[in-house]
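Engineer: Handing you this structure, nothing more for now.
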Amino acid sequence: MKMAYNTEELQKLFHYSRQTITRMEKDGRLHRLYGLPGVWYRASDVRELCEFEEPAHSDEEWEAVTDELLRLKDEVSELRRRLENVQIAACGGESK
């Protein structure tokens, strides 16, 4: 069983940059093991990151997100229509 991971191993495992791994250390997701040559992180932290699951969303949350998406789609359509009218007017034509 692996007890520690170095920065290079984490970069390969997660496809993260060295800067991202440093930020993870600063925000407490990874804990550096001092007293070892080089930079090493606790394997238990790495396992926790590997087991992270996106929290489940309730039906109400999905419905709210879907409603917001539909509202934003309508808003985008209206803004596109208005922009088209502005373009027509700028070119000397009649707007819709």
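Engineer: Using percent of Cα pairs over 16 Å apart as the read-out, say which of [x] 54; [y] 51; [z] 71 was calculated from these coordinates.
Structural biologist: [z]
Engineer: Based solely on its DSSP helices, what 222 nm [θ] is calculated for the chain when runs of n ≥ 4 H residues each add -39,500 (n - 2.57) and the sum is averaged over all residues, nearest 500 deg cm²/dmol?
Structural biologist: Helices in the chain give a 222 nm mean residue ellipticity of -19000 deg cm²/dmol.
Engineer: Could you state how much accessible area ILE88 has, in square angstrom rounded to the nearest 10, with a 1.4 Å probe and all protein chains kept in place?
Structural biologist: Estimated to the nearest 10 Å², ILE88 gives 50 Å².
Engineer: Assuming a strict under-24 Å limit between Cα atoms, what lysine pair count do you get for the chain once near-sequence pairs (fewer than 8 apart, same chain) are dropped?
Structural biologist: Total qualifying Lys-Lys pairs in the chain comes to 4.
Engineer: Leaving ligands, DNA and RNA out of it, rank SER44, SER77 by accessible area with a 1.4 Å probe, largest first.
Structural biologist: Descending accessible area places them as SER77, SER44.
Engineer: On to the next question. Whose amide H sits under 5 Å from the amide H of HIS31, counting only residues 5 or more places off or on another chain, with H placed in the peptide plane?
Structural biologist: Here ARG42 satisfy the definition.
Engineer: Which whole-Hz ³J(HN,Hα) couplings does segment 86-93 yield from phi under the Karplus relation 6.51 cos²θ - 1.76 cosθ + 1.60, θ = phi - 60°, glycine and proline marked x?
Structural biologist: 5, 5, 5, 5, 5, 8, x, x
Engineer: Still on this model: Using amide H atoms built 1.01 Å from N in the peptide plane, name the residues 5+ places from VAL39, or on other chains, whose amide H lies under 5 Å from its own.
Structural biologist: Residues meeting the amide H criterion: THR7.
Engineer: Same structure again: Work out the length of the dipole vector of the chain about its Cα centre, built from +1 on the beta-carbon of each Lys and Arg and -1 on the beta-carbon of each Asp and Glu, and round it to the nearest 20 debye.
Structural biologist: Taking the Cα centre of the chain as origin, the dipole is about 780 debye.
Engineer: So what is the accessible area of segment 6-66 per residue, in Å², with the probe set to 1.4 Å?
Structural biologist: Value returned for segment 6-66: 78 Å² of accessible area per residue.
The values are calculated or read from the model by the stated rules, or taken from the named source; none is laboratory data. Only a predicted model underlies this, so the values are computations on that prediction, with no experimental measurement involved. Here Cβ is always computed from backbone atoms with ideal geometry, including for glycine, and neighbour counts include all displayed protein chains. To get the accessible areas, we keep the full protein, side chains included, count just its heavy atoms, and leave off ligands, DNA and RNA. Shrake-Rupley method; radii C 1.70, N 1.55, O 1.52, S 1.80 Å.
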